[in-house]
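After the structure tokens below, expect a handful of questions from me.
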Amino acid sequence: MLGGVIMMTDGIAALGLVEVEAIFTAVAKFAAFSEDNDPWSEHDCAVIEAQGHKIIWKIDYYDRSRTYLSPDPADPKVTVRVLTVMLASEY
């Protein structure tokens, strides 16, 4: 979780600090990617269970102004990565 921007939805924030910390720890530790949940091997999205909640996390790749999608997501000079964490019920 270095670099980029981390966003959480109001639903996640409303859970309180202890649950939020546990959820972000679960997101950071997630490594169970498979062909079923990551068919393009991008490792940029998953649905997990944490603290009794179904959580969706997704990384998007924006241009430096965070206005448009990045022209080259692999190039950090033109890309800002944004991690969004939400309750599945908020999707």
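The values are calculated or read from the model by the stated rules, or taken from the named source; none is laboratory data. Since the model is a prediction, treat every value here as computed from it, not as a measurement. Quick reminder, even Gly has a Cβ in these numbers, built from the backbone with ideal geometry, and neighbours come from all protein chains shown.
Would you check which residues across segment 68-88 are buried (at least 16 other Cβ atoms within 10 Å of the Cβ) and over 16 Å from the mean Cα position of the chain (by Cα) and list them?
Listed by number, the list holds a single entry, Ser70.
May I ask you to list the residues in segment 68-86 that are in contact (Cβ under 8 Å) with a residue 12 or more places away in the chain and under 23 Å from Ala28 (Cα atoms)?
Pro73, Pro76, Thr79, Val80, Arg81, Val82, Leu83, Thr84, Val85, Met86 - these are the residues of segment 68-86 that are in contact (Cβ under 8 Å) with a residue 12 or more places away in the chain and under 23 Å from Ala28 (Cα atoms).
Same structure again: Test Ile59 against the stated conditions and say whether it is among the β-branched types (Val, Ile, Thr), on the phi < 0 side of the Ramachandran plot, in contact with a Cys (Cβ under 8 Å, 6 or more places away or on another chain) and not in a loop (DSSP other than H, G, I, E, B).
On the way: among the β-branched types (Val, Ile, Thr): yes; on the phi < 0 side of the Ramachandran plot: yes; in contact with a Cys (Cβ under 8 Å, 6 or more places away or on another chain): yes; not in a loop (DSSP other than H, G, I, E, B): yes.
Judged against the criteria, Ile59 is a match.
Taking Ser65 as the residue in question, decide whether it is surrounded by fewer than 14 Cβ atoms within 10 Å (Cβ to Cβ) and touching a residue at least 60 places away in the same chain (Cβ under 8 Å).
Against the criterion (surrounded by fewer than 14 Cβ atoms within 10 Å (Cβ to Cβ) and touching a residue at least 60 places away in the same chain (Cβ under 8 Å)), Ser65 does not qualify.
Please determine, by comparing only the residues of segment 1-39 that are part of a loop (DSSP other than H, G, I, E, B) and among the acidic types (Asp, Glu), which one is nearest to Ser70 (Cα to Cα).
Within segment 1-39, the match that is nearest to Ser70 (Cα to Cα) is Asp38.
Tell me which residues, restricted to segment 37-91, are closer than 20 Å to Val18 by Cα and among the aromatic types (Phe, Trp, Tyr).
Within segment 37-91, Trp57 is the sole residue that qualifies.
In this structure, does Pro71 turn out to be assigned to a loop (DSSP other than H, G, I, E, B), at pLDDT 95 or above and not β-branched (Val, Ile, Thr)? So that I can check it myself, show each step before the final result.
Details: assigned to a loop (DSSP other than H, G, I, E, B): yes; at pLDDT 95 or above: yes; not β-branched (Val, Ile, Thr): yes.
Criteria met by Pro71.
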